[in-house]
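Inspection log for the structure reproduced underneath, given as structure tokens.
The values are calculated or read from the model by the stated rules, or taken from the named source; none is laboratory data. Remember, predicted model here, so these are calculated numbers, not experimental data. Here the Cβ positions follow ideal geometry from the backbone for every residue, glycine too, while neighbour counts run over all protein chains shown.
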Amino acid sequence: MKTRFALDDMAVLVTGAGGMIGGAIAQRMAEGGARLALADREAPSSAGDSRSYALDLSDAAQVRELVDAVVHDFGRIDCLVTAAGITSLGSFEDISLEEWDRVHGINLRGVFLANQAVIAPMKAAGFGRIVNIGSVLAKNGGNPRPWIDPQEQTRAGNAAYGAAKAGVHALTLYLARELASHGITVNAVAPGPIASPMTNSFPTTLVQQIPAGRMGRSDEVAGMVAWLCTRESAFVTGEIVDVNGGLWMD
């Protein structure tokens, strides 16, 4: 069954396709009729009109090779979705330089490399959609996560992740302005708390802070990403779209 907003025959590259949100995005894209290039550190499983690729997103040469391979295999790249991401623990005071670089290597450097690599083929086609996955943590100063680390009960935690995602938001805005005249839109989707095995023990007191009264679902993030990849979204660019149940509004 196809979604309301069809993606018929669109060639879509999804990084982080092996993850929970990336996998949900890939599924929604497939339901809409897209042809999928699925990339992750270990090549994700693929079927039908999809191909999988192994990728270290922090490696510039690998990213260039991936984009070249996708253009060769699919003839073009209509949409890029950067869903790869890693997290970290601890307070800002405790973050090592190595940990900072590790998180930023995937969450910001990797997004920069992938965005930059697809520009040339999209410009050549006169069409493109780029959707980066940001986070509410780039906006709200972080959330304590005592269900992961009891020491975070009184700390924001995850500063490296939030800073990298804030960089993704800023990069999205700059690219949107630069590429709009080429028929390329650039947007970001910023999820809030999304239900997963890791968040099964999310404290009730924290869930109650979400006006919607519940955790989000990965398919709800995927639905917004899918629409931003369609031709119907042509006049939407430079937006950081919140999918967080009202947890953060701006």
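When restricted to residues that are outside any helix (DSSP H, G or I) and either within 15 Å of L137 (Cβ to Cβ) or modelled with pLDDT of 95 or more (or both), region 172-195 contains 12.
Checking each residue in region 50-72 for being touching a residue at least 40 places away in the same chain (Cβ under 8 Å) and touching a helix residue (DSSP H, G or I) at 6+ places or on another chain (Cβ under 6 Å) picks out L55, L57, S58, A60, V63, R64, V67, V71.
Checking each residue in region 149-171 for being part of a helix (DSSP H, G or I), surrounded by 21 or more Cβ atoms within 10 Å (Cβ to Cβ), modelled with pLDDT under 95 and of a type outside the set (G, A, S) picks out only Y161.
Of all residues in region 231-246, those that are buried (at least 18 other Cβ atoms within 10 Å of the Cβ) and more than 15 Å from A188 (Cβ to Cβ) total 1. Could you pull out the residue among G141, G134, G105 that is modelled with pLDDT under 90 and more than 22 Å from R76 (Cβ to Cβ)? When all the criteria are applied, what remains is G141. When the residues of region 33-49 are narrowed to those that are surrounded by 20 or more Cβ atoms within 10 Å (Cβ to Cβ) and not charged (D, E, K, R), which ends up modelled with the lowest pLDDT? The selected residue is P44.
Looking at region 105-115, can you tell me whether even one residue there is more than 21 Å from L175 (Cα to Cα) and crowded, with 19+ Cβ neighbours inside 10 Å? Within region 105-115, not a single residue is more than 21 Å from L175 (Cα to Cα) and crowded, with 19+ Cβ neighbours inside 10 Å. Restricting G75, G19 to those that are closer than 18 Å to A125 by Cα and touching a residue at least 24 places away in the same chain (Cβ under 8 Å) reduces the list to G75. Looking at region 198-210, is at least one residue in a loop (DSSP other than H, G, I, E, B), in contact with a helix residue (DSSP H, G or I) (Cβ under 8 Å, 6 or more places away or on another chain) and either within 25 Å of A17 (Cβ to Cβ) or free of Cβ contacts under 8 Å to residues at least 40 places away in the same chain (or both)? The answer is no; no qualifying residue exists.
For S46, the requirement of being polar (S, T, N, Q) and in contact with a helix residue (DSSP H, G or I) (Cβ under 7 Å, 6 or more places away or on another chain) is not met.
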